[in-house]
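Read through the structure below, which is laid out as structure tokens, and then see the notes.
The values are calculated or read from the model by the stated rules, or taken from the named source; none is laboratory data. If you're wondering where the values come from, they're calculated on a predicted model, not measured in any experiment. A quick note on method: Cβ atoms are made from the backbone with ideal geometry, for glycine too, and the neighbour counts reach across all protein chains shown. Heads up: the accessible areas ignore ligands, DNA and RNA and are worked out on the full protein's heavy atoms, side chains in. Shrake-Rupley method; radii C 1.70, N 1.55, O 1.52, S 1.80 Å.
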Amino acid sequence: MLKDSFNREIQYLRLSVTDRCDFRCFYCLPRSHREFETPEEWLTSEEIERLIGQFASLGVKHVRLTGGEPLVRKELHDIANRIAALPGIEELSLSTNASRLAQYSDSLHEAGVRRLNISLDSLDEERFKQITGSKLQPVLQGIDAALASGFHPIKVNMVIMRGINDHEVEKMVEYCLDRGLTLRFIETMPVGEGGRSASEHYLPLSEIEARLRERYSLKPAAMRGSGPANYFQIDDSGLVIGFITPQSQHFCDTCNRVRLSVTGDLHLCLGQEDRLALRPMLRSGASDEEIRQAIRDAIARKPERHHFDEAPEAILRPMSALGG
Ligand code: SAM
Ligand code: SF4
């Protein structure tokens, strides 16, 4: 079992399989960003399998594939297959912008991925383009394909930005209601240059909750693997909506996760720079036990909480480097 010094049990690993992306969401990966990791620095499928195997033997049960955009990594299916087959891994999920999902949803389901988080910040073509630099239609087709492939649950993540997409909240609720999708609203985080440029549009989600309460009844709802979101059921419908409030109400005291970058750096907190470089150990012949001990030692120094409020300029890497 992996426990940190604040008695938090780490069972969840977010694995970034690439720091590249076919979108340029301005709050995540600004167009000016040029410094991407080179293929020699990426963990290979075999290295990923070996490392996740060590995490699984230490008690990690849930792995989420993220990026950048995970579907731009050619070996994604191979990586998913290898992780799904590891003893101890009970759940394999994926975060995606859905731009390529229409093509790959069936094969990802076959590879063992079951739960999907899909980013969707707008249902308006122009606004979608303004936010992501890309097209809306393939994403909507990707969501339809994911529903047809049988993924469950599918959670739609909408980053709420004042003056940009906050007027679309009710429209998004109806879209998700019609399709049986879970909808989660996310506050902007000041991670990287993009995240900080979005701060001028920051909107505390308590405002959105109050607005929705004027229109719907919101009953507290439980959701398996709920992580940091606070969930409600809308009226008596099956629709569950969640509020993720890293800024206005941080949830660090129940944090159960760590993150692994494409280059094999184990990041102990999204909002801090503490990390352990595992790739040099893999490539210099370290034994499994040496790797496990290094992981235990790193987890023991996991920071208590992020410092988005006190030091919003602290994190230079873009969100796309670690996948949220
Ligand atoms: N490309 C995939 C996607 O968009 O779902 C996975 C990686 S993306 C970095 C993961 C999540 O982080 C997305 O839901 C995205 O909206 C969110 N995100 C990125 N930058 C953010 C920021 N500055 N503040 C809040 N959420 C952010
Ligand atoms: Fe790409 Fe996801 Fe970041 Fe958008 S939020 S730029 S889709 S990694």
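Structure values in brief
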| read-out | value |
| --- | --- |
| FRET efficiency, 1/(1 + (r/R0)^6) with R0 30 Å, evaluated for residue 284 and residue 134 via beta carbons | 0.15 |
| Trypsin sites (Lys or Arg not before Pro) lying in DSSP loop within the stretch 193-284, provided at most 10 other Cβ fall within 10 Å | 224 |
| Fully extended contour minus Cα-Cα distance, from residue 22 to residue 41, at 0.36 nm per residue | 4.8 nm |
| Length released on extending from residue 307 to residue 222, taking residue separation times 0.36 nm less the Cα-Cα span | 27.8 nm |
| Accessible surface of the chain, 1.4 Å probe, proportion on carbon and sulfur as whole % | 48 percent |
| GNM flexibility winner over the chain from 199, 134, 284 (Cα, springs under 10 Å) | 284 |
| Three-way shape call for the stretch 147-190 based on the alpha-carbon gyration tensor, with the a/c threshold at 1.5 | oblate |
| Per residue solvent-accessible surface (Å²) - the stretch 12-321, probe of 1.4 Å | 42 Å² |
| Calculated on alpha-carbon atoms, Rg and Dmax of the stretch 12-321 in Å | 18.9, 61 |
| Whole-number percent relative contact order across the chain, with pairs defined as alpha carbons under 8 Å at least 6 apart | 23 percent |
| Cysteines, the chain, no other Cys beta-carbon under 4.7 Å | 21, 176, 252, 255, 269 |
| Extended-chain gain in nm, criterion 0.36 nm per residue less alpha-carbon gap, residue 32 and residue 5 | 5.9 nm |
| Within the stretch 14-28: backbone nitrogen closer than 20 Å to the residue 197 label point (7 Å, Cα to C-beta) | 19-28 |
| Estimated inter-spin distance, residue 170 and residue 110, nm [label 7 Å along Cα→Cβ] | 4.5 nm |
| Approximate spin-label separation residue 75-residue 211, in nm, with each point projected 7 Å along Cα-to-Cβ | 4.4 nm |
| Dipole moment magnitude, nearest 20 debye, the stretch 12-321 about Cα centre, only Lys, Arg, Asp, Glu C-beta charged | 280 debye |
| Counted charge near residue 242, where neighbours are those whose Cβ lies closer than 9 Å (Asp, Glu -1; Lys, Arg +1) | +2 |
| q = 0.23 Å⁻¹: log10 I(q)/I(0) that the Debye formula gives for the stretch 39-84, counting C-alpha atoms only | -0.88 |
| D (Stokes-Einstein, µm²/s), Kirkwood Cα radius, the stretch 6-88, 0.890 mPa s at 25 °C | 174 µm²/s |
| Selected from 143, 307, 204, residue furthest toward positive end of dipole (the chain; charges at beta carbon) | 143 |
| When the stretch 122-245 is reduced to its Cα atoms, the Kirkwood hydrodynamic radius in Å | 15.3 Å |
| Only Lys, Arg (+1) and Asp, Glu (-1) charged, at Cβ; the stretch 1-51 dipole about Cα centre in debye | 360 debye |
| Sparse-neighbour loop sites [chymotrypsin sites (Phe, Trp or Tyr not before Pro); the stretch 243-320; at most 16 other C-beta within 10 Å; DSSP] | 251 |
| Calculated log₁₀ intensity ratio I(q)/I(0) where the Debye formula runs over C-alpha points of the stretch 219-324, q = 0.15, 0.17, 0.22, 0.24 Å⁻¹ | -0.77, -0.90, -1.19, -1.31 |
| Distance histogram for the stretch 176-254 (every C-alpha pair counted, 5 angstrom bins, percent rounded to whole numbers) | 3, 14, 23, 23, 18, 12, 6, 1, 0 |
